[in-house]
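The values are calculated or read from the model by the stated rules, or taken from the named source; none is laboratory data. Just so we're clear, the structure is a prediction, and the values are computed from it rather than from any experiment. Ideal geometry is used to build each Cβ from the backbone, glycine not excepted, and the neighbour counts take in all protein chains shown.
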Amino acid sequence: GNSVTQMEGPVTLSEEAFLTINCTYTATGYPSLFWYVQYPGEGLQLLLKATKADDKGSNKGFEATYRKETTSFHLEKGSVQVSDSAVYFCALSLFQGAQKLVFGQGTRLTINP
Amino acid sequence: DTGVSQDPRHKITKRGQNVTFRCDPISEHNRLYWYRQTLGQGPEFLTYFQNEAQLEKSRLLSDRFSAERPKGSFSTLEIQRTEQGDSAMYLCASSSGVGEKLFFGSGTQLSVL
């Protein structure tokens with residue numbers, strides 16, 4: 001079946017530290033890959049996406065590269081801020097006609113000043 | 001653009017009661033999705049509509065669950081004879097078309113006692 005596995009949380013870092021949140025997937029076809037973020041009290045928001053192998057998605061200083069050979073889509077940021085504290089979800093979609101997303105379990109990130 | 005709104009934000013009910021949630025998508029978004037999220041897990045797809053037509057339902061959506069979008073605008077999700085296992089956050093999302101990004105609401109938190 002189709003599934004997404006994320007790095008276990010919670011993750012706690014100091015401000016300006018380097019961030020990596022690992023994400024690997026299993027899919028029966030060629031998925032599009034996404035990172036969503038959920039800030040406290042808010043709905044899920046699309047952070048970035050990549051639709052084919054070797055594509056790099058980027059937004060707000062975050063990056064992730066679609067690695068077909070390792071079935072991975074790790075999220076990185078070079079210098080995190082307190083405002084990045086949130087829950088991050090990796091997801092895939094196999095259906096271009098509908099955004100029927102398969103999510104990972106989420107990783108809670110806390111950044112301390 | 002006022003975003004996707006869901007009502008109520010919280011619902012507490014007793015086992016065996018019926019509950020109904022409402023979702024108002026972003027104006028003119030023709031696709032509307034329902035997801036369910038349990039504690040510590042990522043959201044799981046339940047169903048989606050294109051305009052008023054319900055195009056797909058997950059096997060997670062037992063026959064106690066019914067969703068409607070009668071005029072292609074707002075949607076309702078009804079759960080009949082609620083069970084404790086129905087306790088979860090119910091998320092609604094909308095998009096403007098094929099392959100377009102999803103905008104999520106803040107969800108309705110259901111607690112079944």
Exercise for the section: Taking A:G61 as the residue in question, decide whether it is farther than 21 Å from B:G99 by Cα, within 10 Å of the chain's Cα centre (by Cα) and surrounded by 13 or more Cβ atoms within 10 Å (Cβ to Cβ). Expected result: no
Problem - Residue that is nearest to B:F45 (Cα to Cα), among those in the range A:81-90 that are more than 7 Å from chain B (Cβ to nearest Cβ) and within 15 Å of the chain's Cα centre (by Cα) - result: A:C90
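If the requirement is being among the small types (G, A, S), within 14 Å of B:G42 (Cβ to Cβ) and either surrounded by fewer than 19 Cβ atoms within 10 Å (Cβ to Cβ) or touching a Lys or Arg at 6+ places or on another chain (Cβ under 9 Å) (or both), which of these qualifies: A:S3, A:S32? Give the steps one after another, and end with the answer.
Values: A:S32 fails: within 14 Å of B:G42 (Cβ to Cβ).
On inspection, the qualifying residue turns out to be A:S3.
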Handout entry: Test: residue in the range A:37-51 that is modelled with pLDDT of 95 or more, hydroxyl-bearing (S, T, Y) and part of a loop (DSSP other than H, G, I, E, B)
Key = no
Practice task
Would you be able to say whether some residue in the range B:31-52 is loosely packed, with under 13 Cβ neighbours inside 10 Å, on the phi > 0 side of the Ramachandran plot and more than 14 Å from chain A (Cβ to nearest Cβ)?
Solution key: no
Problem - Matching residues in the range B:28-79 - criterion: being of a type in the set (D, E, K, R), in contact with a Phe, Trp or Tyr (Cβ under 8 Å, 6 or more places away or on another chain) and either modelled with pLDDT under 90 or in a loop (DSSP other than H, G, I, E, B) (or both) - result: B:E56, B:R69
Practice task
State yes or no: is A:E42 free of Cβ contacts under 8 Å to residues at least 12 places away in the same chain and of a type in the set (D, E, K, R)?
Solution key: yes
Practice task
Test A:L101 against the stated conditions and say whether it is surrounded by 15 or more Cβ atoms within 10 Å (Cβ to Cβ), within 30 Å of B:R9 (Cα to Cα), away from chain B (no Cβ under 13 Å) and in contact with a Gly (Cβ under 9 Å, 6 or more places away or on another chain).
Solution key: no
Completion exercise
Residues in the range A:2-20 that are touching a strand residue (DSSP E or B) at 6+ places or on another chain (Cβ under 7 Å) and assigned to a loop (DSSP other than H, G, I, E, B) total 5
Practice task
Scan the range A:1-27 for residues that are more than 14 Å from chain B (Cβ to nearest Cβ) and aliphatic (A, V, I, L, M) and jot them down.
Solution key: A:V11, A:L13, A:A17, A:L19, A:A27
Exercise for the section: Kindly indicate which of B:T13, B:T82 is surrounded by 19 or more Cβ atoms within 10 Å (Cβ to Cβ), more than 12 Å from chain A (Cβ to nearest Cβ), modelled with pLDDT of 95 or more and more than 26 Å from A:V37 (Cα to Cα). Expected result: B:T82
